[in-house]
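Rule-based calculations on the coordinates, nothing more; no lab input. This structure is a prediction, so every number in the text was calculated from the model and none was measured. Note that we place each Cβ from the backbone using ideal geometry, even for glycine, and neighbour counts take in every protein chain shown.
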Amino acid sequence: MSTLKRFDNLNNLEHKANKRGAHMSTKFIVVSFGMIAAAVAPQRTIPASTDTGALRIAAAIAPRWAGVAAYAVEVNDDTGLAAAPRLLKSFGKTAELNPA
């Protein structure tokens, strides 16, 4: 299946779920970044229950990593589809996260 067709199918699923009154929730994650071959790459993802919790975790682990970032992600609970992550705060060197 081509990438474009797969994308259209995901959009159709999301549209149908929204018609049914899909429940969206916000998830919070902290991503640590390390240096691999002179480039910054994501290493570890830690879930957090609140935005404040994500910020606290990020600040606590920042001295041990090349970079750390706290994100908020909107997730459709019915389909599992996630929107692009929204950066809350970053420390050190980080890279952009590309949603899969």
How high is the FRET efficiency between M24 and A95 when r is their beta carbon distance and R₀ equals 30 Å, given to the nearest 0.05? 0.70
Non-local amide H neighbours of L88 (under 5 Å, H modeled in plane, Pro and chain starts lacking H): which ones? A70, Y71, A72
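Give the residue list of trypsin sites (Lys or Arg not before Pro) in region 16-98 that are DSSP loop and have at most 11 other beta-carbon atoms within 10 angstrom. If you can, show how the numbers build up before the last one.
Values: sites: K16, K19, R20, K27, R44, R56, R64, R86, K89, K93; in loops: R20, K93.
Listed in order of number, the matching sites are R20.
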